[in-house]
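Contents: one structure, followed by commentary.
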Amino acid sequence: MEEFITIKEAASIVNLPTHTVRYYEQEGLLHPIKRDGNGNRLFTADDIEWLKFICCLRETGMSISEMKKFVAFYSSGDPSMEKRMKILCDHKEALLKKIKEMNSLLDKINNKIQWYDMQRKKYLNK
């Protein structure tokens, strides 16, 4: 028998507020979530894995509109596999570019820290 968890538990697992999970559902980013007789959402393990993937895309900077495109292609099945791969590959390239930019900025900060460390040592040795 399949186990279900509440939206509060699901949100906690993926470290999101419940209103964000509801928003993702309203935007069509989640598969249809089962509901109990009172209308409460019932998340499965598969729902949580999908939600984790959506969070990964969002946390790495993919826009909601691009995520919607990906989900629409996903929902259309195997014929859209190349389109989904393209979206993910494009996203990966943008992410790698951002990482390179951030590493460059980190190098600048590290250089400044080293400079201050040298200045501090000179000052303390006076």
Residue in the range 70-82 that is open to solvent by 60 Å² or more (accessible area, probe 1.4 Å), assigned to a loop (DSSP other than H, G, I, E, B), in contact with a Lys or Arg (Cβ under 8 Å, 6 or more places away or on another chain) and among the polar types (S, T, N, Q) present: no
In the range 1-55, residue modelled with the lowest pLDDT [restricted to those that are among the hydrophobic types (A, V, I, L, M, F, W, C) and over 23 Å from Ala72 (Cβ atoms)]: Met1
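Being of a type in the set (Lys, Arg) and either in contact with a helix residue (DSSP H, G or I) (Cβ under 8 Å, 6 or more places away or on another chain) or in a loop (DSSP other than H, G, I, E, B) (or both) is the filter here; which residues of the range 35-69 pass it?
Arg41, Lys52, Arg58, Lys69
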Considering residues of the range 43-58 that are over 16 Å from Thr20 (Cα atoms) and in contact (Cβ under 8 Å) with a residue 24 or more places away in the chain only, the residue most open to solvent (accessible area, probe 1.4 Å): Ala45
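The values are calculated or read from the model by the stated rules, or taken from the named source; none is laboratory data. What you see is a predicted model; the values in this text were computed from it and never measured. With ideal geometry, Cβ positions are generated from the backbone for all residues, glycine too; neighbour counts draw on all protein chains shown. The accessibility values were calculated without ligands, DNA or RNA, using every heavy atom of the protein model including side chains. Shrake-Rupley method; radii C 1.70, N 1.55, O 1.52, S 1.80 Å.
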